[in-house]
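Enquirer: To start, I am sharing the structure in question, which I have written as C-alpha cells.
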Amino acid sequence: MPWYVLRTQHYIAEFPDEHIRTHTPYHVEQFLTKSGRETKLSAWQFGQVVDAIRILFSLALKLSWASDFDWDYWRMSAKPLEASHATVARDYTNALEGLAALDGEERCDHTLYTRYQPAITEVVRAIRLKNYSIRTEQTYQGWVSRFFYFHKPDDVSGLTGRHVKQYLEYLALKRNVSISTQKQALNALAFLFNQVWQKPLDDLDEFIGAKRQRKLPVVLSREEVRRIFQQLKGTHHLMAGLLYGGGLRLMECVTLRVLDVDFDYNQLHIRNAKGGKDRVVPLPERFKDALKEQIAKVERLHQIDLRNGFGEVYLPESLSQKYQQAAKELRWQYVFPASAVGVDPRTGVIRRHHLHETSLQKIIRRAVKQAGITKHATSHTFRHSFATHLLESGYDIRTVQELLGHSDVSTTMIYTHVLNTPGISVRSPADMI
C-alpha cells in the first residue's frame, strides 16, 4: 500500500498548478506516456503506477470518465515504450515459436519451427506486399503453420492439393470446426498455393465439408436497443450508436477515421471494408453532437502526441509512400483512438492505434446483461438489428444490401426472416380456445 501512495504522489506532483479533480484522461495519458519513455521502471512497477492512478480516479475521487478509461490496455501494455525498436518490433515469424498447442494436440518443437520458418516468412512477405490487414496476416499465418505441422513434410514444396484435402477433412471430422472456420483455412491455403508458390491448388475434388447449420441472426427489438443504450455511456455509447445507426461491423467502427465523417451530408464513409469495398452509410442525427465532441477530443489528444514526439497513425503502404506527411495529419487519425501509444508489430514505429475492439465487446456484453436481455446479443447484433428494422420500416431489400455492403442480395435476404416467418403470421391454437 505505501508504494501505491508514493505512485499517486508522483502523479499529483507532475501537475502542481492544477487541482486533481479537474484532471482529464489526457492528464493520465501524458503522465503514463512520459513515465513509459523516461523512467527505468520494470514492467510490474509500471503496472503498479497504472493501478495507483486507477484507484485514485475510479475509487477515491470517483470521476465519471475514469470508468471509461482503458486501464486494462495500459496494465497489459506493461510499459510499451521501455524497450527499443529492435527488441519490440519482432517479425511475426518469431512468434511462431510460442505456438503452444497447434490444433490442441502437440507443441511446436524447435526443429519443426526452424524447418518451416522460411516458408512462413515467405507467406508473411506476400501478405504485406498485397497490403492485407494485420488480422488477415495473423489468420493466414496461423493456418499455414497448422497445415505444415499437421503433415510435417521434410520439404514443404512437395505438398499438393491432396494434402490440403486431407487437412480440411481432418478439421471437419476430427476437430468438428464450423463451415466458416473450414472456409477460412481453405482461403489461407489457397493463398499459399496460388499467390505465394504460384502453383494451382488442384486435386481437391469433393472434400468432406463441415456441417452447415441454418442459423437465423439474433435481432433486438427497438425497445431492447433502447434498454441497452441506457446502460452505456461516453465513448462506448457513441460507438454502439454507430453500430446500430449505420449498420457498421465492429472493426469498421473502431477503425473509423476523422476524414470518414461527413457532418454536412450526415454520412459515414466506410473504406476498404470486407471484400475491399467502400460504401456510405447514414450518420444518425442523434449522435452528431457526441461525434463532434469525440473528434474534438481526438484533436486535443493528437496535439499532445505531437508535442511528445509522436502523433503518427497507421496508413496503408501505398498512401504512406504517396503522402509522406499524411500520417501526422488530424484527418487521418482514428475517431476512437487507443488510450496509449504502442509499437507497431510490423514496423516497430511507435504510434497511436485505434481503440481495441475487445474493449467495446466487453462493455456491450455487460450492458446486455444489465438491461436484463436474455438473447445472445453481441456487438454484431446491432448490425443485424439495423438491417431488420430498416426492412420493417418499408425500405427495399436492394437499399439495405447497399448499406450493408453485401455483394449478393441473397446474403441480405436472411434478414427478411422477421417479416415472413410463418410462426409470426400464424395464430397459435392456444389462443383460440
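Enquirer: Residues to consider are A340, A290; find the one that is among the small types (G, A, S) and closer than 26 Å to G47 by Cβ. Outline the logic, then answer.
Expert: Numbers: A290 fails: closer than 26 Å to G47 by Cβ.
Step by step, each of A340, A290 is checked, and only A340 is among the small types (G, A, S) and closer than 26 Å to G47 by Cβ.
Enquirer: Return the total of residues in the stretch 129-167 being farther than 19 Å from Y116 by Cα and under 27 Å from the mean Cα position of the chain (by Cα).
Expert: 8
Enquirer: Give the residue that is farthest from P217 (Cα to Cα), with candidates limited to residues of the stretch 330-366 that are among the charged types (D, E, K, R) and open to solvent by less than 30 Å² (accessible area, probe 1.4 Å).
Expert: Per the stated criteria, the residue is R351.
Enquirer: Which of the following residues is open to solvent by less than 50 Å² (accessible area, probe 1.4 Å) and within 30 Å of R125 (Cα to Cα): F310, F287? Spell out the reasoning first.
Expert: Numbers: F287 fails: within 30 Å of R125 (Cα to Cα).
Among F310, F287, only F310 is open to solvent by less than 50 Å² (accessible area, probe 1.4 Å) and within 30 Å of R125 (Cα to Cα).
Enquirer: So is Q324 more than 30 Å from K215 (Cα to Cα) and assigned to a loop (DSSP other than H, G, I, E, B) or not?
Expert: Working: more than 30 Å from K215 (Cα to Cα): yes; assigned to a loop (DSSP other than H, G, I, E, B): yes.
So Q324 passes the test.
Enquirer: Let me spell it out: the conditions are (1) of a type outside the set (G, A, S); (2) modelled with pLDDT under 75; (3) not in a loop (DSSP other than H, G, I, E, B), and L59 meets all of them except one. Which number is the exception?
Expert: (2)
Enquirer: Do you know which residues across the stretch 57-71 are open to solvent by less than 20 Å² (accessible area, probe 1.4 Å) and of a type outside the set (F, W, Y)?
Expert: A66
Enquirer: Moving on to the next point. So, in the stretch 38-56, of the ones that are out of contact with any Asp or Glu (no Cβ under 8 Å at 6 or more places or on another chain) and open to solvent by less than 20 Å² (accessible area, probe 1.4 Å), which residue ends up modelled with the lowest pLDDT?
Expert: G47
Enquirer: Looking only at the stretch 367-407, filter to residues that are charged (D, E, K, R) and over 22 Å from E252 (Cβ atoms); which one of those is most open to solvent (accessible area, probe 1.4 Å)? Please lay out each step first, then the result.
Expert: Let us first name the residues in the stretch 367-407 that are charged (D, E, K, R), namely 369, 375, 383, 392, 396, 398, 402.
Cutting the leftovers down to over 22 Å from E252 (Cβ atoms) gives us 369, 375, 392, 396.
Values: K369: 169, K375: 78, E392: 84, D396: 81 Å².
Filtering the stretch 367-407 for residues that are charged (D, E, K, R) and over 22 Å from E252 (Cβ atoms), the one most open to solvent (accessible area, probe 1.4 Å) comes out as K369.
Enquirer: Applying the selection to the stretch 258-306, what residues are free of Cβ contacts under 8 Å to residues at least 40 places away in the same chain and part of a strand (DSSP E or B)?
Expert: Within the stretch 258-306, D262, Q267, L268, H269, V280 qualify.
The values are calculated or read from the model by the stated rules, or taken from the named source; none is laboratory data. In this text the structure is predicted, and so the values were computed from the model without any measurement. In this analysis, Cβ positions are derived from the backbone assuming ideal geometry, glycine residues included, and neighbour counts consider all displayed protein chains. Ligands, DNA and RNA are excluded from the accessible area calculation, which covers all protein heavy atoms including side chains. Shrake-Rupley method; radii C 1.70, N 1.55, O 1.52, S 1.80 Å.
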